[in-house]
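The values are calculated or read from the model by the stated rules, or taken from the named source; none is laboratory data. Values in this document were obtained by computation on a predicted structure and should not be read as measured data. Note that we place each Cβ from the backbone using ideal geometry, even for glycine, and neighbour counts take in every protein chain shown. With ligands, DNA and RNA removed, areas are computed over all heavy atoms of the protein, side chains included. Shrake-Rupley method; radii C 1.70, N 1.55, O 1.52, S 1.80 Å.
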Amino acid sequence: MYIPTPTNHDHLLHENLELNLKQLHEELGYSPDLISRHFQAALANGRIVQGATVYMDGLSSSSMMLQFLFAGNHENDPSTTSAELLDYYQERVIPEGSVHKLASFDELYDMLLTGNSILLLDGCNYALAVGTKELKARSVEEPNVQSVVRGPREGFTEVLGWNTAMIRRKINSRHLWFETLKLGSVTQTKVAIIYIDNLVSESVLELVRERLRKINIDGILESNYIEEQIQDKIYTPFPTIFNSERPDVVAAGLLEGRVAIMVDGTPFALLVPALFTQFFQSSEDYYERADFSTLIRLLRFFSFILATITPSFYIAITTFHQEMLPTTLLYNLAAQREGVPFPAFVEALIMEITFEILREASVRMPKTIGQSISIVGTLVVGQAAVEAGLVSAAMVIVVSITAISNFVLPAFNLGIAARIIRFLLMILAASFGLYGVFIGVIAIIFHLCSLTSFGVSYMAPLAPFNLTDQKDTLFRVPFPSMITRPKSLNPKRLVRQKKP
């Protein structure tokens with residue numbers, strides 16, 4: 001008979017059932033969702049043993065536990081002590097696979113608060129934890145943020161077990177390994193490290209483990225709690241860790257040699273290392289023809305440039321470099337701005353801030369009216385501002401193009417980076433004209449080249465340049481030509497398929 005030996009002897013379970021129940025209720029603050037049910041069991045020598053089942057209401061299925069205890073055949077029970085009876089329950093009565101013996105209150109709380117039911121017997125100083133989890137969670141649905149026209153329609157949920165199962169279904173390989181740990185001294189949130197053992201770089205994997213082990217926080221409620229603590233550089237507007245709510249995107253990253261980090265309670269998984277060009281790629285790029293995917297990808301890069309520098313270029317040209325405009329266009333802009341009381345920078349700032357307010361309002365408002373408010377509000381406010389003489393019609397066009405270009409980007413966090421940079425470049429344009437814009441762009445490029453993601457250059461394979469990896473960077477070549485995995489990730493196996 002095996003009895004687990006806990007390391008902390010101050011929290012051992014008592015042999016007395018009532019003492020165990022009393023301490024359990026006291027340490028959980030007599031919480032009303034802690035349910036305990038008493039029962040009696042007869043031993044082979046005729047002695048009656050008092051027992052109790054304990055579970056958390058809403059996390060466990062109490063009927064399942066009671067069915068195990070009272071629906072089994074106890075006629076051949078040879079037990080003469082409480083310990084023997086508990087072993088008999090584990091081996092012969094309870095058909096559930098996930099049954100664990102517990103010898104301490106620390107182990108008991110861990111199992112109880114994760115949805116397991118606890119079986120206690122009087123006269124026995126250990127208990128049984130039975131897997132009777134009753135998950136009440138959102139079902140698998142189509143992702144709301146990263147939607148596609150062609151491709152899988154399933155997205156992650158808030159249940160870690162379901163998410164790992166979706167990954168396992170995508171990659172049916174014995175080399176797909178999972179490591180689990182608990183983070184958060186209070187929340188004890190389950191976190192899974194997922195990788196393909198014969199592909200992932202050992203240096204990257206060890207770096208992930210090391211940074212996760214260093215996290216010391218009381219609670220993990222979403223994956224961003226982890227993201228901000230394990231990223232290479234904190235003070236940068238650019239995301240250096242990729243996140244996705246799509247199982248196919250995470251599976252594709254694992255097949256390239258990346259490491260996925262999944263957190264219980266959130267549908268967003270993290271992928272590392274992350275490259276700058278990765279944020280311009282969509283899963284739909286690989287579900288359409290290569291020529292069409294390449295065109296769309298180039299359009300995203302162009303949209304990022306528009307979303308970043310369009311207002312600053314307009315401010316610089318209309319303020320300092322009017323000679324660069326055709327005469328007719330210059331006269332038209334001058335006529336439009338004749339009644340505008342503000343300089344171009346203030347005009348652009350008013351419109352940009354107004355649009356940001358409308359965008360945030362549309363996100364926070366109910367879905368039934370949020371979209372209509374965003375569209376109607378933008379049109380009404382823009383037209384009213386032009387008629388009132390606060391801004392020019394050209395400025396409304398510039399801000400509209402900028403905003404629409406921002407929505408083309410498939411990664412939401414990269415769009416936020418573009419919005420931050422846009423305001424900085426507007427200040428430089430208002431101060432130094434195009435010289436300031438060019439200096440700002442050069443500084444941004446230098447900053448991008450200085451970033452790393454888990455030891456990998458953020459701008460790879462553009463800087464440092466790698467010709468082989470260009471097959472899936474700015475362009476996407478057809479699948480027969482994508483022979484190798486990205487060299488930047490240093491995978492154990494570089495070749496992914498044989499040459500046709």
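With a Förster radius of 25 Å applied to the C-beta separation of residue 134 and residue 92, the computed FRET efficiency comes to 0.55.
Whole number in Å², please: accessible area per residue of region 160-274, 1.4 Å probe, ligands, DNA and RNA not counted. Display every interim value, and only then the final one.
On the way: 4760 Å² over 115 residues.
For region 160-274, the per-residue accessible area is 41 Å².
Put simply, the amide H of residue 60, placed in the peptide plane, has neighbours under 5 Å in 134, leaving out anything fewer than 5 places away on its chain. Positive-end ranking of 306, 229, 207 along the dipole of region 195-343, with charges on Cβ about the Cα centre, is headed by 306. Helix 434-450 and the long axis of the chain differ in direction by around 30°, with both axes built from C-alpha atoms. The helix-based estimate of mean residue ellipticity at 222 nm for the chain, built from -39,500 (n - 2.57) per DSSP H run of four or more residues and divided by its residue count, is -13500 deg cm²/dmol to the nearest 500.
Tell me the angle of helix 290-319 to the major Cα principal axis of the chain, expressed in degrees between 0 and 90 and rounded to the nearest ten. Around 60 degrees separate the two axes.
Order of 39-46, 417-424 by packing, highest average Cβ count within 10 Å first?
On the way: 39-46: 13.1, 417-424: 17.8.
The most tightly packed comes first, giving 417-424, 39-46.
Roll a 1.4 Å probe over the protein chains and send me the accessible area per residue for region 294-360 in Å². Don't jump to the answer; show the numbers that get you there.
On the way: 3480 Å² over 67 residues.
Using a 1.4 Å probe on heavy atoms only, each residue of region 294-360 averages 52 Å².
When the listed pairs 182/492; 190/498; 214/499; 22/190 are checked against a 32 Å cut-off, the alpha-carbon distance exceeds it for 190/498; 214/499. Highest-first packing order for the peptide set 256-262, 86-92, 166-172, 29-35 is 256-262, 86-92, 166-172, 29-35, based on the mean count of other beta carbon atoms within 10 Å. Taking amide H as placed 1.01 Å from N in the peptide plane, the amide H of residue 259 sits under 5 Å from that of 272, each at least 5 places away or on another chain. Among the listed options (i) 1.11; (ii) 0.99; (iii) 0.96, the one matching Rg/Rh (Cα atoms, Kirkwood Rh) as calculated from these coordinates is (i). What a 1.4 Å probe finds exposed on the chain is 60% carbon and sulfur by accessible area, rounded to a whole percent. Among 124-134, 300-310, the peptide with the highest mean count of other Cβ atoms within 10 Å heads the list, and the full ranking is 124-134, 300-310. Using the Cβ-Cβ distance between residue 295 and residue 106 with R0 set to 51 Å, the FRET efficiency from 1/(1 + (r/R0)^6) comes to roughly 0.30. In order along region 230-237, the phi-based Karplus estimate (6.51 cos²θ - 1.76 cosθ + 1.60, θ = phi - 60°) of 3J(HN,Hα) comes to 10, 6, 5, 10, 7, 8, 8, x Hz; Gly and Pro are listed as x.
Along region 197-204 the Karplus relation, 6.51 cos²θ - 1.76 cosθ + 1.60 evaluated at θ = phi - 60°, assigns HN-Hα couplings of 4, 8, 10, 5, 6, 5, 5, 5 Hz to successive residues, with x for each Gly and Pro. Accessible area per residue was computed with a 1.4 Å probe on protein heavy atoms; residue 351 scores about 20 Å². Our coupling estimate for region 471-479, obtained by passing each phi through the Karplus curve with A = 6.51, B = -1.76, C = 1.60 and θ = phi - 60°, is 5, 9, 10, 6, 10, 10, 7, x, 4 Hz, Gly and Pro reported as x.
Per residue, region 85-142 exposes an accessible area of 41 Å² to a 1.4 Å probe, with every protein chain left in place.
Can you bin region 175-231 into rounded, prolate or oblate? Criterion: square roots of the alpha carbon gyration tensor eigenvalues sorted a ≥ b ≥ c, rounded for a/c under 1.5, prolate for a/b above b/c, oblate for the rest. In terms of gyration-tensor shape, prolate.
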